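The values are calculated or read from the model by the stated rules, or taken from the named source; none is laboratory data. Nothing here was measured: the structure is a model prediction, and the numbers come from that model. A quick note on method: Cβ atoms are made from the backbone with ideal geometry, for glycine too, and the neighbour counts reach across all protein chains shown. All accessible areas refer to the heavy atoms of the entire protein, side chains included, with ligands and DNA or RNA removed. Shrake-Rupley method; radii C 1.70, N 1.55, O 1.52, S 1.80 Å.
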Amino acid sequence: MLSDEDKQRLVDAAVTARETAYAAYSNYRVGAALMCEDGAIYPGCNVENAAYPQGTCAEAGAIAAMALAGGRTIKAIAVAGGRPDLQPETDPWDLCSPCGGCRQRIAEFAQGTGTPVIIASPEGVMLETTIGALLPHAFNLEEG
Ligand code: THU
């Protein structure tokens, strides 16, 4: 279970990570923060590149930081992103929801299908869902 306090810590870490995003081409800044089973929090931000496909997502950065530190299990993850011209309050398409590739990245390390994914704007929590809801029937090499 993720306590309200831990949820807030994750959202705060994602919002802070967003401030260091390098989004020189899209101007769409994203921060992510994941919590490992041991309670450690790893943040990441998107880092774009003039050769566009070389840019990396915030979630990928957070997962790389976790792996480097030896972490292997995501207990929960928060993603905070957006641009001032978007309106996630009225248009669900404006939510900064993890992209398809990042859903698979999160699934690789998630504790289970019920692992919380918290989608936030810089103003606060917009949607609380799970990796299983975002990526049903995920590809998995293991049987059963
Ligand atoms: N982006 C992320 O960082 N995470 C996602 O899950 C979706 C998209 C970034 C990539 C790019 O730098 C910018 O948002 C606009 O697509």
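Which listed residue (Ala64, Ile118, Gln54) has the Cα farthest towards the positive end of the charge dipole for the chain, taking +1 on Lys and Arg C-beta and -1 on Asp and Glu C-beta about the Cα centre?
Result: Gln54.
Starting from the Cα of Thr90, move 7 Å in the Cα-to-Cβ direction to define the label point; list residues of region 111-138 whose amide nitrogen is under 20 Å from there.
121-127, by backbone N distance to the label point.
When the chain is fully extended, how far beyond the present Cα-Cα distance does Cys99 get from Arg72, taking 0.36 nm per residue of separation?
Difference between extended and current length: 7.6 nm.
Amide H of Ser121: which non-local residues (sequence gap of 5 or more, or other chain) have their own amide H closer than 5 Å, using H built in the peptide plane?
Met126
Rounded to the nearest whole Å², what accessible area per residue is found for region 1-79 with the 1.4 Å probe?
Roughly 50 Å² per residue, with all protein chains present.
Can you work out the FRET efficiency for the pair Phe139 and Asp6, with r the C-beta to C-beta distance and R0 = 30 Å, to the nearest 0.05?
0.55
Please state the relative contact order of region 1-96 as a whole percent: Cα pairs under 8 Å, 6+ residues apart?
28 percent
Dipole size in debye (nearest 20) for region 4-137 around its Cα centre, Lys and Arg Cβ +1, Asp and Glu Cβ -1?
400 debye
Based on DSSP H runs of at least 4 residues, each adding -39500 (n - 2.57), what is the mean residue ellipticity at 222 nm of the chain after dividing by all its residues, to the nearest 500 deg cm²/dmol?
-8000 deg cm²/dmol
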